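Notes for the one structure printed next.
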Amino acid sequence: MTITAAVWRITCIVPTRVAEAFTDGLEPYFTAVSWFVPSDNAPEARVEGYTDTEPDRAVLDAGFGAVAAAVGIKTPDIDITWFPPRDWVAENRRAFEPFSVGCFFVHDSDHRGARPIASIGLEVDAGLAFGSGRHESTSGCLLALDGLRKKRFRRPLDMGCGSGILAIALAKTRRLPVLAADVDKEAVRVTRANARINVVAEHMRALCGNGYKDREVRRRGPYDLIVANILANPLCVMARDLARNLEPGGYAVLAGFVIEDANRVYAAHRRVGLRLVRRINLRGWQCLVLRKP
């Protein structure tokens, strides 16, 4: 993507016992909605919804009020926060210089031939998709993949592939079929182009679809490795679908969130059966490596 659209976040605090009812009841109003608790057995939970269209306060009040009445509680106070658009491409281009992370050497087309001996080169011109590799969330995923090099995987999935850098890293280190998926058509186009540049197109399939609801994503699963470098809230929303598409013994590498959000991302995935293997912290951002027993 180029410049992300403005986003509105709507939050409220409700008793934990009715949090799931709120997420189900409010789903029609938001692009993504989730709930989380600060710790196990906490009496209250925070419900969050995100939308890229300016919310109508009267409509929200009616929706929240209807759910509250249905579960027998007082209508909660609603907080609305606006987040301005962000130009990821400009930020990537300003920040991009070749660098090493784990066994990988990430560079653009201007630095071909600069790869250190014994490293795996990843040539990525981010173009119109987020994911040059410089950001801490992507670097954390590359470190996680480096740490999993001795594991044998047969069916990896890169969910929310962006520029395709993580799928390319998997294809280059393992030479096996990798599925890369994104809701953004431009990201899929860039992923395919980067796969050709890195001479791994024959090992990759990039598709545009609605996450785990996509028929091809479901058909090719279950996966023994899922990488998802997205954002905290979508990851929480998608936790159950991730668990359903991850085979027993499989690993998940999750990133795209700051350290303060890591526990709620983990909590969402722990609730659906995944267990923590490793945390990777990089300058305020965290990557989680989880495993399904």
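Some points to look at:
- A straight Cα-to-Cα reach below 24 Å connects Lys150 with the lysines Lys172, Lys292, residues fewer than 8 places away in its own chain not being considered.
- Figure legend: label point modelled 7 angstrom from the Cα of Ile13 along Cα→Cβ; residues of region 28-67 with amide N under 15 Å from it are 36-39, 42-48.
- If R0 is 41 Å, the Cβ-Cβ spacing of Leu176 and Glu260 corresponds to a FRET efficiency of close to 0.70.
- Taken one residue at a time, the phi angles of region 169-175 give Karplus couplings (6.51, -1.76, 1.60, θ = phi - 60°) of 4, 5, 5, 6, 7, 10, 6 Hz. Gly and Pro are set to x.
- Proximity of backbone amide H atoms, modeled 1.01 Å from N, is registered between Gly209 and Asp182, Val183 at under 5 Å, excluding neighbours fewer than 5 places apart on the same chain.
- Once the chain from Ile73 to Lys151 is taken as fully extended at 0.36 nm per residue, the excess over their C-alpha distance is 23.2 nm.
- C-alpha long axis of helix 136-147 to longest principal axis of the chain, angle in °: 60
- Protection proxy ranking of 189-200, 161-172, 49-60 - average other beta-carbon atoms within 10 Å, highest first: 161-172, 189-200, 49-60
- Using a Förster distance of 25 Å, the FRET efficiency for Lys213-Arg271 (Cβ separation, nearest 0.05): 0.80
- For Glu44, distant residues with modelled amide H under 5 Å away: Thr16
- In the list (1) 35, 21, 17; (2) 37, 21, 18; (3) 30, 22, 18, the label attached to semi-axes √(5λ) of the Cα gyration tensor in Å as derived from the coordinates here is (1).
- Subtracting the Cα-Cα distance of Trp82 and Asp61 from 0.36 nm times their residue separation leaves 5.8 nm of extension gain.
- Rounded if a/c under 1.5, otherwise prolate or oblate - region 136-291, Cα gyration tensor axes: rounded
- The modelled label-to-label distance for the pair Arg291/Asp24, using points 7 Å beyond Cα in the direction of Cβ, is 3.4 nm.
- Of the peptides 246-258, 70-82, the ranking by mean beta-carbon count within 10 Å, highest at the top, reads 246-258, 70-82.
- 3J(HN,Hα) along region 266-283, derived from phi through the Karplus expression 6.51 cos²θ - 1.76 cosθ + 1.60 where θ = phi - 60°, amounts to 5, 4, 4, 7, 5, 4, 9, x, 7, 10, 6, 10, 7, 10, 10, 9, 9, 6 Hz, with x in place of Gly and Pro.
- Cα-Cα separations in region 3-84 greater than 21 Å, expressed as whole percent: 24
- Alpha-carbon Debye profile of region 224-293, log10 I(q)/I(0) at 0.23 Å⁻¹: -0.92
We did not get these values from a lab; they are worked out from the coordinates using the rules stated. Since the model is a prediction, treat every value here as computed from it, not as a measurement. Because the Cβ atoms are built from the backbone with ideal geometry, glycine has one as well, and the counts that use them run over all protein chains shown.
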